[in-house]
1. Enumerate the amide H contacts of residue 126 below 5 Å, restricted to partners 5 or more residues apart or on another chain; note that Pro and chain-start residues carry no placed amide H.
2. Cut-off 10 angstrom, C-alpha nodes, Gaussian network model of the chain. Which of 19, 73, 87 fluctuates the most?
3. [x] 1.05; [y] 1.79; [z] 1.17: which one is Rg/Rh (Cα atoms, Kirkwood Rh) as calculated from this entry?
4. Work through the residues other than residue 128 whose Cβ is under 13 Å from its Cβ and net out their charges, Lys, Arg +1 and Asp, Glu -1.
5. Skipping prolines and chain starts, which residues have an amide H placed within reach, meaning under 5 Å, of the one on residue 79, given they are 5 or more residues away or on another chain?
6. Taking 0.36 nm per residue of separation and subtracting the Cα-Cα distance, what length does fully extending residue 4 through residue 49 add?
7. Using the Karplus curve 6.51 cos²θ - 1.76 cosθ + 1.60 with θ = phi - 60°, work out ³J(HN,Hα) for each residue of the range 50-55 in order, rounded to whole Hz, and write x for Gly and Pro.
8. Can you list the HN-Hα couplings for the range 115-127, worked out from phi with the Karplus curve (6.51, -1.76, 1.60; θ = phi - 60°), rounded to whole Hz and with x for Gly and Pro?
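Taken together, the values in this text are just the output of simple stated rules run on the coordinates, not laboratory data. The structure displayed is predicted, hence computed values, not measured ones. Positions of Cβ are backbone-derived with ideal geometry, glycine not excepted, and every protein chain shown enters the neighbour counts.
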Amino acid sequence: MGQHPELTFFVNEEAIVIHAASLTVREILDDAGITPTDHRLFEHVDGREVELGGLDEHVALREGARFTARLRHYCIVVNGREKTVDHRVLTFAEVVALAPNLPPPGPGVEYRVTFRDAVDPKEGDLIPGESVRIKDGTEFVVSATNRS
């Protein structure tokens with residue numbers, strides 16, 4: 001099998017040089033130093049951006065091809081309200097900060113966070129210092145207790 005000729009393409013205006021006719025979306029993002037699971041990839045075609053599919057989708061490359069990588073956004077529900085976040089792993093503190101109408105932190109105020117429909121773990125209680133890997137639709141319930 002012969003070597004492919006050198007080909008240059010761009011991700012977020014950064015040039016990448018390879019010797020292949022195609023790569024997967026994951027490989028394009030990896031080559032650009034971008035975390036694949038946290039980003040979506042768009043190809044510039046005829047003056048518009050076209051979102052590419054899953055990470056394992058093969059992309060036929062052409063000299064000078066231009067791509068844009070954008071942070072993936074996740075729609076979650078916190079205490080019945082939709083929220084959008086731009087990263088896949090949320091900490092206890094981040095979830096509490098997203099919850100509406102909670103009393104401010106202070107002496108005797110503690111928060112409880114439960115969740116379901118997540119990735120890992122799928123459901124349970126989130127305690128201070130822990131985190132959970134989310135997906136679109138993950139639901140959280142945050143409540144406050146007053147320990148006096």
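1. Amide H neighbours of residue 126: 113, 114, 115.
2. Sorting by GNM fluctuation, first place goes to 19.
3. So the structure-derived entry is [z].
4. On the way: positive: 112; negative: 94, 110, 125, 130.
Net of charged neighbours comes to -3.
5. 140, 141, 142
6. 13.5 nm
7. After applying 6.51 cos²θ - 1.76 cosθ + 1.60, I find 10, 6, 7, x, x, 4 Hz.
8. Ordered by residue, 3J(HN,Hα) equals 8, 8, 6, 9, 8, 8, x, 6, 7, x, 9, 9, 10 Hz.
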